[in-house]
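Report on the structure given below.
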Amino acid sequence: MSTGEQESVRRSKLETIREELHIDPYPPRCLPRTSIAEVRDGGETEAERVICGRVSARREHGKTVFAELTDASDTIQVYLNVKVLDEAAWELTGLLDLGDIVQVRGSVFITRTGELTIRCEGLTLLCKSLRTLPVVKVDSEGTVHDKVSDVDYLYRHRCVDLLVNPSSLARFRARSGIISALRSYLDSMEFLEVETPVLQPIYGGAAAQPFTTEYGSMNETFYLRIATELYLKRLLTGGIEKVYELGKDFRNEGVDRTHSPEFTQLELYEAYSDYSGMMTRFEEMTRAAADAIGSGLQVSFRGQDLDLSAPFRRLAFIPALRKASGEDLMSWEPADLKGLCNRIGLESTATDRASLVDKLFDHFVADRIKEPTFVVDYPALLSPLAKHKAGEPGITERFEVFVMGLELANAFSEQNDPDLQREILGRQAASSELREGILDEEFLFALETGMPPAGGMGIGVDRLVMLLTDAGSIRETIFFPHLRRSEE
């Protein structure tokens, strides 16, 4: 039968359950239950057990039905027999489909084949499923059969993905464990977790295109934040010496394997530290996250075995770019940089020197990095919020972390000279169509009040999850990634 025909049959069964059996297929509550894992741990017993779960398999043998019931903890076999159940419950058995959620009461025994099984003595329908689920099977050797190949369907219907793909569910459990580990690490180091505005009158803290909205009651344009940096630094000035925020940022830009317009970022700032201190923090947080999900520091990502043990390799930006490209690109004019991008097939609408150098660095260096690497000492041209490096004109104390071409983190020794920062932000604002020359005076007020020297870092949480769970796309790590509207 087609999908539509199957769903029509299910609706017919739903009507029978309601009209002929007089059963509410969506009751408001169920009996107190025991998880299937607990039932399995308890083994065979005559004591009554109550479990609830989704019907994941069903086999009829005349007056007997064997079903498998699955909850969040495990799966168990259920034995249903016409002699054990009352008439209504037995009729209900014949109207069950895969995906229905039921409550089962009964004792636990072991079948002749050695299978732990619940003898169903009471059956209650808790939710009739009206849509068919794909039947994905895993054999005794762990090979997956009939796997759903339409990933867009799974992204759009994550509930189905989680039900039929154990690996997907495991990845999201791991994601939760990674986030908890990052929080636990920072909390143990006496960082304070805070919340800053998502709607901002002036966006800043990164070079990105914002989402724009209107604040009706104030009759003003606001922006979804692209970063939390400038607010968190105000708190450094206010005496919170270790501060972080873990939440959503938004950038109105392209979508690809490693970019999502809505993403999770961890930003932390630590007074009296610097970018070297942030390197140590990142190495320690990576270890904490890997330990939390049991992956260890020897991981496989996109077919490459990687060692995440500290210390990570250090690679200086300008020498690395010069060696990989064979040219001193930092001395080139924007038009020449643009011409090189065109010749080697790099698509870019940028015309400014900073954006073009950054694009070429990604091509020649970053995209080819495999082992965990701190790319350090960025040119000031690319790092307006970073502290200049003493004795090295034009160089800043900034690093980015790359693994297998994946950028995981960006960190600075933070700029706290208010006059220099005002000059730099002024140049940025003048070149931005949206900012219209407007400076974030509240942030500059904080710098003028006096912000201590500090190290700061932003970590792309979704990408870290990609690395530690071997995900091929950032969409695999986000429960509900943004997709084009379905034409169905």
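The values are calculated or read from the model by the stated rules, or taken from the named source; none is laboratory data. Predicted model only: the values in this text are computed from it and were never measured. So basically every Cβ, Gly included, is an ideal-geometry build from the backbone, and we count neighbours across all protein chains shown.
Being more than 16 Å from Thr93 (Cβ to Cβ), surrounded by fewer than 16 Cβ atoms within 10 Å (Cβ to Cβ) and over 35 Å from the mean Cα position of the chain (by Cα) narrows it down to one of Glu38, Glu60, Glu46, so name that one.
Glu46
Out of Ala310, Ala290, Ala324, I need the residue that is buried (at least 18 other Cβ atoms within 10 Å of the Cβ), in contact (Cβ under 8 Å) with a residue 24 or more places away in the chain and either within 25 Å of Glu397 (Cα to Cα) or assigned by TED's automatic domain parsing to the domain that holds Tyr378 (or both). Which one?
On inspection, the qualifying residue turns out to be Ala290.
Does Asp187 qualify as being assigned to a helix (DSSP H, G or I), within 14 Å of Phe479 (Cβ to Cβ) and acidic (Asp, Glu)?
no
Inside the stretch 358-385, can you point out the residues that are touching a strand residue (DSSP E or B) at 6+ places or on another chain (Cβ under 7 Å), without any contact (Cβ under 8 Å) to a residue 40 or more places away in the chain and buried (at least 19 other Cβ atoms within 10 Å of the Cβ)?
Matches in the stretch 358-385: Ser383 only.
Looking at the stretch 102-114 only, could you name the residues that are surrounded by 18 or more Cβ atoms within 10 Å (Cβ to Cβ) and without any contact (Cβ under 8 Å) to a residue 60 or more places away in the chain?
Val102, Val104, Gly106
Of the residues Glu245, Glu262, Glu253, which single one is among the charged types (D, E, K, R) and at pLDDT below 95?
So the residue among Glu245, Glu262, Glu253 that is among the charged types (D, E, K, R) and at pLDDT below 95 is Glu253.
Can you name the residue in the stretch 25-44 that is among the acidic types (Asp, Glu) and free of Cβ contacts under 8 Å to residues at least 40 places away in the same chain and, of all such residues, is nearest to Asp74 (Cα to Cα)?
Glu38
Take the residues in the stretch 463-488 that are buried (at least 22 other Cβ atoms within 10 Å of the Cβ) and in contact with a strand residue (DSSP E or B) (Cβ under 8 Å, 6 or more places away or on another chain); name whichever of them is nearest to Gly254 (Cα to Cα).
Here the residue is Arg463.
So, in the stretch 391-413, exactly how many residues are part of a strand (DSSP E or B) and acidic (Asp, Glu)?
Residues flagged as part of a strand (DSSP E or B) and acidic (Asp, Glu) within the stretch 391-413 amount to 2.
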